Amino acid sequence: MVKRLEKRSARILAILLALIMLGSVFAYIWGGGAREKRETKLSFSTLEAAAYAPENSFIYYYNLAEYSKLSKKLGKNDSMISYFEGYFERDLSYASRYYLDRRVIEFTHPINEMLVAQYGDYNVYFINENSSKVYFAKQGERKVGNLSVKVSGSIAMVDEVNPLIIGYNPLVLEVLNNFEENRTAYRDFISRLNGTYLFSIMIFGNETGKYVRFSENESPIEFFFEGYRYNESAERYEKVWGIQFTENYFFSDMNETERGFEYYYFQNFEDGFSLAVMGDKNFTKVLNARANVIGIIIRA
């Protein structure tokens, strides 16, 4: 038990230290007055930003505002809070060393949400910090369309967009190119995910099936979302799956003996997108929950 508490204390300390490096932890603790806003030309939700990330990247979404609220409601020892902290501490510690180093960028408002797209060994971040002014140690600047891209070494930042974009220069440029493409399908999938998530994982594109498989030979998907949230009215943890199937696959019912969690409901859309919600008061059961997937494939 002592070792577990020590490990947890170290994790929380690491998160606080990383936030201090970003110059935002004090705003989380004490709040703050009005801050100078930055001018933006393009705005979308942080979760929706995933539609513009490079295809086949692993995408992690963190909701810091929801984390602050649920930490108070559920307590610091809550299992979902601990699960969130494990992932977030890893990503924020890495980001603060390489991409969000305070010598390169400093925020004047705490981070509300952060979406991380990992493409191989390189990252690009979408950061919602309430459209507040940021300070960036730029070494150069260029125009891409009507947006200004500020550069410092291999790091690029676009602050005329909300959420702000910062990361490995070529990936940031790829994101800007994606603005010109028709990404409405991915945005439409995300819009159907309804609700406020604490944490989620996404992957989409032609390579998605290599990483998300239902059996050794089955990978009929091009978009996968797994999100975790807390249903306050039901007082239950929930896992949500959103999947775009490329063949005639869909979610289906499962009987009580098959299901190791409290409740389960789903919806299959005509365009191949399927949504499932799995809930229970025990987070471990939710963490291990899986929707029932079946396929009807007719081969000539």
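Table for the structure above
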| item | result |
| --- | --- |
| Amide H partners (placed H, <5 Å) of Arg236, local residues excluded | Asn231 |
| Residue order, fewest to most surrounding Cβ atoms within 10 angstrom, among Asp91, Asp253 | Asp253, Asp91 |
| Distant-in-sequence amide H partners of Lys138 (H built 1.01 Å from N, under 5 Å) | none |
| Cα gyration tensor shape of the stretch 99-184, rounded if a/c is under 1.5, else prolate or oblate by comparing a/b with b/c | rounded |
| Over 28 Å (Cα to Cα) - which of Lys41/Lys69; Lys76/Lys133; Lys76/Lys285; Lys76/Lys239; Lys76/Lys150 fall in this group | Lys41/Lys69; Lys76/Lys133; Lys76/Lys150 |
| Translational diffusion coefficient (Stokes-Einstein; Kirkwood radius from C-alpha pairs) of the stretch 144-221 at 20 °C, 1.002 mPa s, in µm²/s | 140 µm²/s |
| Simple Cβ-charge dipole of the chain, Lys/Arg +1 and Asp/Glu -1, about Cα centre, in debye nearest 20 | 1200 debye |
| Antiparallel DSSP beta bridges within the chain, percent to nearest 5 | 95 percent |
| Among 123-134, 146-157, the order from most to least packed when residues are scored by Cβ within 10 Å on average | 123-134, 146-157 |
| Ile221 long-range amide H proximity, modeled H, under 5 Å | Gly209, Thr246 |
| For the stretch 143-237, size of Cβ-based charge dipole, Lys and Arg +1, Asp and Glu -1, in debye | 140 debye |
| Mean separation of Cα contacts under 8 Å, 6 or more apart, over the residue count of the chain: relative contact order % | 16 percent |
| Anisotropy class of the stretch 106-145 from Cα gyration tensor, a/c 1.5 cut | oblate |
| Percentage of interatomic Cα-Cα distances in the chain larger than 25 Å | 52 percent |
| Relative frequency of Cα-Cα separations exceeding 19 Å in the stretch 205-295, percent | 41 percent |
| Residue with peak Gaussian network fluctuation, the chain [Cα springs, cutoff 10 Å], from Glu180, Glu85, Glu262 | Glu180 |
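Computed from the coordinates by the stated procedures, all read-outs in this text should not be read as laboratory data. Every value quoted in this text rests on a predicted model; they were computed, and no experiment measured them. Neighbour counts run over all protein chains shown; Cβ positions are idealised from the backbone, glycine included.
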